[in-house]
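Peer 1: Sharing a structure, written as structure tokens. Questions coming.
The values are calculated or read from the model by the stated rules, or taken from the named source; none is laboratory data. Predicted, not measured: the structure shown is a model, and the values here were computed from it. So basically every Cβ, Gly included, is an ideal-geometry build from the backbone, and we count neighbours across all protein chains shown. Just the protein is used for accessible areas: all its heavy atoms, side chains included, with ligands, DNA and RNA removed. Shrake-Rupley method; radii C 1.70, N 1.55, O 1.52, S 1.80 Å.
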Amino acid sequence: MDLAPDLGCTSRAGLNWLLHRAAQKLGAVAQEAAARHGITTRGQIVLSALASEEFQRTQLALGHALGVDKTTLTAELDRLERAGLIMRKPDPNDRRVRVPVITEQGRVVQREVEKLHVQVEREFTAGLEPAEAHALRELLERLIAVDHGPDSGSCM
């Protein structure tokens, strides 16, 4: 009698499906964590980028750094601004250009959601040995860093 767990389609799935499914599962829980603070995971990525900035950059430069088109970034910045988590200031070099800046309230939310995301990741990888979780992260970082063709993804 075979006592192995029934893996369904995962036993025959390609790497693309496995990575996608793992990302879906982790992403759904991370999204719930962010929603507890009234933002999306995308919003958290934007807040984290702004919180880690040593210098201010324009919306266009931020979008480029995150690999996000102007429309998507503008919509996310609009939501964050309405929530009081960022503000957009005129660029001192070009008043037509806007520079998104995280507010103190935005920093608080970003830190709280970051703590939740760390907890979510820890719970997601709880079935792995610590060395396995570390190896998984390192392997994924290496796969992402290798040039396998055009980079069609974004941080969001």
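Peer 1: Considering every residue within region 100-115, establish whether at least one is closer than 30 Å to Leu15 by Cα and loosely packed, with under 15 Cβ neighbours inside 10 Å.
Peer 2: yes
Peer 1: If I filter region 82-98 for residues that are among the charged types (D, E, K, R) and within 17 Å of the chain's Cα centre (by Cα), do I get at least one hit?
Peer 2: There is no residue in region 82-98 that is among the charged types (D, E, K, R) and within 17 Å of the chain's Cα centre (by Cα).
Peer 1: If only one of Val108, Val99 is among the β-branched types (Val, Ile, Thr), at pLDDT 90 or above and in contact with a Lys or Arg (Cβ under 9 Å, 6 or more places away or on another chain), which one is it?
Peer 2: Within the list Val108, Val99, the selection yields Val99.
Peer 1: Considering each of Val29, Val68, Val46 in turn, give the residue that is open to solvent by 50 Å² or more (accessible area, probe 1.4 Å), of a type in the set (Val, Ile, Thr) and within 13 Å of the chain's Cα centre (by Cα).
Peer 2: From the options Val29, Val68, Val46, the qualifying one is Val29.
Peer 1: Oh, and also: I'm trying to understand the selection: among the residues of region 116-139, which are aliphatic (A, V, I, L, M), assigned to a helix (DSSP H, G or I), free of Cβ contacts under 8 Å to residues at least 60 places away in the same chain and surrounded by 12 or more Cβ atoms within 10 Å (Cβ to Cβ)?
Peer 2: Ala133, Ala135, Leu136
Peer 1: Taking region 89-99, which residues are in contact (Cβ under 8 Å) with a residue 12 or more places away in the chain and either assigned to a helix (DSSP H, G or I) or open to solvent by less than 50 Å² (accessible area, probe 1.4 Å) (or both)?
Peer 2: Matches in region 89-99: Asp91, Val97, Val99.
Peer 1: Any residue in region 4-21 that is open to solvent by 30 Å² or more (accessible area, probe 1.4 Å), farther than 29 Å from Ile144 by Cα and modelled with pLDDT of 95 or more?
Peer 2: There is no residue in region 4-21 that is open to solvent by 30 Å² or more (accessible area, probe 1.4 Å), farther than 29 Å from Ile144 by Cα and modelled with pLDDT of 95 or more.
Peer 1: Exactly one condition in (1) without any contact (Cβ under 8 Å) to a residue 40 or more places away in the chain; (2) in a helix (DSSP H, G or I) is not met by Arg42; state its number.
Peer 2: Here Arg42 meets the rest and fails (1).
Peer 1: Looking at region 70-88, which of its residues are part of a loop (DSSP other than H, G, I, E, B) and in contact (Cβ under 8 Å) with a residue 40 or more places away in the chain?
Peer 2: If the condition is that a residue be part of a loop (DSSP other than H, G, I, E, B) and in contact (Cβ under 8 Å) with a residue 40 or more places away in the chain, then Ala83, Leu85 are the ones that fit.
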